[in-house]
1. With +1 on the Cβ of every Lys and Arg and -1 on the Cβ of every Asp and Glu, and nothing else charged, how large is the dipole of the protein assembly as shown about its Cα centre, in debye rounded to the nearest 20?
2. Where does the stretch B:454-533 land on the Kirkwood hydrodynamic radius, alpha-carbon pairs, in angstrom?
3. For each pair in A:LYS25/B:LYS578; B:LYS392/B:LYS451; B:LYS207/B:LYS418; B:LYS479/B:LYS638; A:LYS25/B:LYS38, compute the distance between the two Cα atoms and list the pairs where it is over 22 Å.
4. For a quick check: with amide H placed at 1.01 Å from N, whose amide H comes under 5 Å from B:ILE83's, ignoring anything fewer than 5 positions away on the same chain?
5. Could you work out the equivalent-ellipsoid semi-axes for the stretch B:409-492, taking the square root of 5 times each eigenvalue of the Cα gyration tensor, largest first, in whole Å?
6. Could you give me the radius of gyration and the Dmax of the stretch B:292-422, taking only the C-alpha atoms into account and expressing both in angstrom?
7. Can you compute 3J(HN,Hα) from phi for each residue in the stretch B:384-394, using the Karplus curve 6.51 cos²θ - 1.76 cosθ + 1.60 with θ = phi - 60°, rounded to whole Hz and x for Gly and Pro?
8. Above 37 angstrom, tally the Cα pairs of chain B and express them as a % of all pairs, no decimals.
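Values in this text are rule-based calculations from the coordinates and carry no lab data. Since we're looking at a predicted model, the values are computed, not measured. Quick reminder, even Gly has a Cβ in these numbers, built from the backbone with ideal geometry, and neighbours come from all protein chains shown.
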Amino acid sequence: MIANIVIGIAIFGYAGWAFIRHLKKSKEGECGTCSSKMSCSSCSSEIKATFK
Amino acid sequence: MEVALLGNPNTGKTSLFNHLTGSYEYVGNWSGVTVEKKVGVLKNKTDKLIDLPGIYTMVPLSRDEGVVTNFFLHDHTDQILNILDASQLKRNLHLTLQILEYGKPITIGLNMMDVAKQRGIHVDVNRLSALLGVPIIPIVARSGKGCNELANSVISQNSFYSERTPVEYGKEIDRAVLKIKKMLKENKALSSRWLALQLLEGNQYVKSYLAEFIQLEEINEIVREVEEELYKSYGQKSVEQYIYLKRSEYIEEILAEATVSSNENKVHLTDKVDRIITNRILGIPIFLLLMYLMFMLTFDWLGFPLSDLLDRFISGPITEGIESLLSLMGVSAFIHDLIIDGIVAGVGGVLVFVPQIFILFFFISLLEDSGYMARVALVMDRIMESVGLNGKAFIPMIIGFGCNVPGVMAARTIETPKERLLTILLTPLMSCSARLPVYALFVGAFFVKNKAAVVLGLYVLGIVLALSLAMLFSKTILKGENTLFVIELPPYRMPQGQTLWRSTWEKGKGFIRKAGTFIFAGSVLIWLLSYLGPGGFNVDMDQSFLAVIGGIFAPLLAPVGFGTWQAGASLLTGFLAKEAIISTMNIIYFVPDEASLQGLLAVQFTPLSAISFMVFILLYIPCLATASTIYKETESKKWTAFSIGYALLLAYIVTLVIYQGGHLLGLV
């Protein structure tokens, strides 16, 4: 019974987190899907402003 | 300290960036790989290196070039690291002279010394360094040779800065520079000489910047005066042209002193190969043949056997292992089904295609690294021009074969708004790697003998439809002038093992990561929707919520050959990520392995409806990430909605023609 609860919580918890994260990242578009997001400052508002 | 990395397109900046920072950015040997600035930390862990898009001049033509000008106007940099192609110095030095005028310390990395040597060009590095007055370090960025010395030179601030400006432009220009200098006396942040010269060259970004300090009329007056004086003195109508000629003269002078060229008339191997590969008649058949070979390798020779092995491993030992572990733990039937019928089926069903995805990416990397992809753009130029675009627009489309998101972003290199928008709208028609598992599954079930030919047909259909729509849109909703296409063809190179592996891994790792994150989550959700229904828990799948949702679309899809709730549900999840289509199918038609799924599909689909389904998957909608990128790039809800709407309509019309037309012809 305990195993069922632990596994169930782990699976649904992780799935929920991964699903929401995917939706968030996809909506961010260009930067959200980029692997170098962490080391890249292109996503800063300053560089975005230059495109407007 | 912040160091800006700058150079002409395709001089190896990104390779050097990767060597100096130890990071990995996408490297391609065509121009336009870097469309925005990227920042990395140098290996000394304190100084930052900023990789900027490649430019020929600081006067921007396209949006990615504007990134560079804006960077120099508004951002801070302590030093500039200028990378030059030793085999193309005559052209590369134009940018160097503009950087010298900018007035920050410079170090030059002289790249492609090996290529220059092959072309019989000998560069006297010390002499060139003395003439320009800046330190120059010879490097080979692809192999990393000389990169450490270059890094040390930059870090130890050996870079040299002198007030000396090498090019003499004459008294007319000097007078204008002085005037602007006086007007700008309150603002010492940037070199007024650089600002003045850029203004006279017609740099609109600089003009807008100067307009913050000087009245626009005064600026225009200065430019007009210089124009008049130059015309009177030299008969020169364009200030821009005059400045260019002065720089060219200076470059000729220093190159005469610092370089020696031999065997100028020798025809190089690259030129000989190009005569065949870029031939007007042979170019496109060669491209198609290479794509066919790529698909033969992916689907027939290597990919399928490997996927089969992996499939047997996942459906055999792995599933059995999980089964025994679950029974050992004594879990309930719900948890057991969730893991085996949901997660293992959904995630495993996608993972079995990893070998094929990697083989495809390896082949694409091989074609890129060898220098062939740049030729493809050239080969396509004539066709692209006839439809209102040019060969440059084909580069984002090729990138789109990997993933549509970077493909849409790469459209920034295109100069005119009309051509850029057209390219953004049409790139999603390129078949990205996430659609590949669907093709693999269906060709394996219905077209065993012609797997590669059918997939090649789908890719070509995507290109042909993109070109046809380009023609339609450019004659109706997106009228405007066309631009000419100029591309620099890199020499052919023997691809290097390490570069190939890194490039393949970087492209393919996202697929594996997605399987472990979103596909995992999607599989849980899809399984849950198939487990629950209006009637309660553990319902028959045909009575589940998934069947209800998929059933809404089924009648609409019937005329195109796959009017089942299963197809409707799969297509719906495909909007979130195309890989999800395959995991949904695995869960819906829960079967132990890929071969059984193919057997089951053979009952649900016919060869004709399978073709129709694959074409629908190819065309029907950009995935959520691509649609969001289109919105970010166009900043228009209207065009984003249009990109989704036209794709849906196109998919429906094309598949209707295929399915109903096929029926009329007696196909099944």
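1. The calculated dipole for the protein assembly as shown is roughly 300 debye.
2. It works out to 18.3 Å.
3. B:LYS392/B:LYS451; B:LYS207/B:LYS418
4. Correct list: B:LEU6, B:GLY7, B:GLY109.
5. The answer is 31, 17, 11 Å, longest axis first.
6. 21.9, 67
7. Per-residue couplings from phi come out as 4, 5, 5, 10, x, 10, 9, x, 4, 5, 6 Hz.
8. Tail of P(r) above 37 Å: 46 percent of Cα pairs.
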